[in-house]
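Student: The structure under discussion is supplied below as structure tokens; questions concerning it will follow.
The values are calculated or read from the model by the stated rules, or taken from the named source; none is laboratory data. Small disclaimer: the values here were computed from a predicted structure and weren't measured. Cβ: placed from backbone, ideal geometry, glycine included. Neighbour counts: every protein chain shown. Ligands, DNA and RNA are excluded from the accessible area calculation, which covers all protein heavy atoms including side chains. Shrake-Rupley method; radii C 1.70, N 1.55, O 1.52, S 1.80 Å.
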Amino acid sequence: MFEENPICRMLNIKYPIFQGGMAWLGTAELASAVSNAGGLGIIGAGHMPPDVLRAEIQKTKAGTDKPFGVNIMLMSPFVKEVMQVVVEERVPVVTTGAGNPGEYIPALKEIGTKVIPVVASVALAKRLVRTGVDAVIAEGMESGGHIGELTTMALVPQVVDAVDVPVIAAGGIGDARGVVAAFALGAHAVQMGSRFVLSKECIAHENYKDLVLKARDRSTVVTGRATGHPARVLQNKLSRHYLDRESHGAPIEELEKLGIGTLRLAAREGDVKNGSVMIGQISGMLSDIKPVSDIIQSIVKDLEPVIESAKANLK
Ligand code: TUI
């Protein structure tokens, strides 16, 4: 299975399943577990200082001999130094979020690192393909954290039609049904974040995991539309206060201040009232915490039955 999948071949991985590079949650423990299970584990560099990222990369290398990636948040104040660390450590794959990685592409490509940006629009996908990226991750607004405007269902086929590199679909995918749907839209691989938050290996605080387990279909909201940096989070005291201030026209500086440090507060300290519990819309269908290898194996095992039941509707 997947011997001819372009992403598996390009990256030398067994399954076309990426783990989203989540800040504070995509640690060496999670990334190495996903890579060991045959997917692509990704360290979420978030706002990590360069020395912290270097240690995380070295820990991941100690935990797996398989390819892995680093996700670089382009809004990070450390972005230049962090890119330097990734080059020095010869990280096999770099994914980027929240911006345009164009200026860093030549240095990464020179050492053979595959560069795979997250895009939320066809225009950015086309622009980045011209600068030489190896593939693109088309991420719909079902995702947790920082998001664009389009849904996965609308975005993925339009990106697939617009570019001639492989496309990884992200946003709203948590089981084999989502993977088959992504393949039907023309994607070659998937990226999942929320599903891996509810894994044994994810170091999210148990309060964070518990709140995600309790989530229903409409439990997430989008804060920060007024700031130009919308983010999907679970409803809680913080998001209610934020949305209240936003709807009353609070200045952007006040809103941005409300968000600082809140992901760490929820994810690591477990303060899920005053922190940001970033998670995608599929949280409503996540009902168990499993080892990463079980998550991946159960998805792979369910692919054929899901395809068969879809086919039944063609008869
Ligand atoms: O980056 C993400 N998801 C994230 S980043 C993050 S850290 C954060 N913390 C607090 C507040 C906000 C963020 C949490 N989740 N996903 C990838 C992604 N990239 N989604 C959307 C985009 C994106 C958006 C606009 C990429 C490029 C873009 O435009 C750039 C351009 O030049 O047009």
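Student: Go through 197, 159 for me and flag whichever is in contact (Cβ under 8 Å) with a residue 40 or more places away in the chain, more than 17 Å from the chain's Cα centre (by Cα) and crowded, with 22+ Cβ neighbours inside 10 Å.
Tutor: From the options 197, 159, the qualifying one is 159.
Student: Let me confirm something: among 245, 232, which residue is of a type in the set (Lys, Arg), touching a Gly at 6+ places or on another chain (Cβ under 9 Å) and in contact (Cβ under 8 Å) with a residue 12 or more places away in the chain? Even if it seems obvious, please write down each step before you answer.
Tutor: On the way: 245 fails: touching a Gly at 6+ places or on another chain (Cβ under 9 Å).
Exactly one of 245, 232 is of a type in the set (Lys, Arg), touching a Gly at 6+ places or on another chain (Cβ under 9 Å) and in contact (Cβ under 8 Å) with a residue 12 or more places away in the chain, namely 232.
Student: Is the range 245-261 home to any residue that is in contact with a strand residue (DSSP E or B) (Cβ under 7 Å, 6 or more places away or on another chain), hydrophobic (A, V, I, L, M, F, W, C) and surrounded by 13 or more Cβ atoms within 10 Å (Cβ to Cβ)?
Tutor: no
Student: Can you spot a residue in the range 171-182 that is surrounded by 24 or more Cβ atoms within 10 Å (Cβ to Cβ) and within 15 Å of the ligand (Cβ to nearest atom)?
Tutor: There is at least one residue in the range 171-182 that is surrounded by 24 or more Cβ atoms within 10 Å (Cβ to Cβ) and within 15 Å of the ligand (Cβ to nearest atom).
Student: Out of the residues in the range 86-121 that are open to solvent by 40 Å² or more (accessible area, probe 1.4 Å) and part of a helix (DSSP H, G or I), state the one that is farthest from residue 149 (Cα to Cα).
Tutor: If we take residues in the range 86-121 being open to solvent by 40 Å² or more (accessible area, probe 1.4 Å) and part of a helix (DSSP H, G or I), then 88 is farthest from residue 149 (Cα to Cα).
Student: Additional query: Restricting the search to the range 209-244, which residues are of a type in the set (Gly, Ala, Ser), away from the ligand (no atom under 15 Å from the Cβ) and surrounded by 20 or more Cβ atoms within 10 Å (Cβ to Cβ)? Don't jump to the end; show me each part of the working.
Tutor: Going through the range 209-244, the residues of a type in the set (Gly, Ala, Ser) turn out to be 215, 219, 224, 226, 228, 231, 239.
Those still in the list that are away from the ligand (no atom under 15 Å from the Cβ) too: 215, 219.
If the condition is that a residue be of a type in the set (Gly, Ala, Ser), away from the ligand (no atom under 15 Å from the Cβ) and surrounded by 20 or more Cβ atoms within 10 Å (Cβ to Cβ), then 215 is the only one that fits.
Student: Another one. Does the range 33-63 hold any residues that are surrounded by fewer than 18 Cβ atoms within 10 Å (Cβ to Cβ) and in a loop (DSSP other than H, G, I, E, B), and which are they?
Tutor: If the condition is that a residue be surrounded by fewer than 18 Cβ atoms within 10 Å (Cβ to Cβ) and in a loop (DSSP other than H, G, I, E, B), then 49 is the only one that fits.
Student: Scanning the range 162-187 for residues that are within 16 Å of the chain's Cα centre (by Cα) and part of a loop (DSSP other than H, G, I, E, B), which turns out nearest to residue 118 (Cα to Cα)? Even if it seems obvious, please write down each step before you answer.
Tutor: We begin by selecting, within the range 162-187, every residue within 16 Å of the chain's Cα centre (by Cα); these are 167-175, 178-179, 182, 187.
Those still in the list that are part of a loop (DSSP other than H, G, I, E, B) too: 171-175, 187.
Values: 171: 11, 172: 15, 173: 15, 174: 18, 175: 21, 187: 14 Å.
Across the range 162-187, the extreme among qualifying residues is 171.
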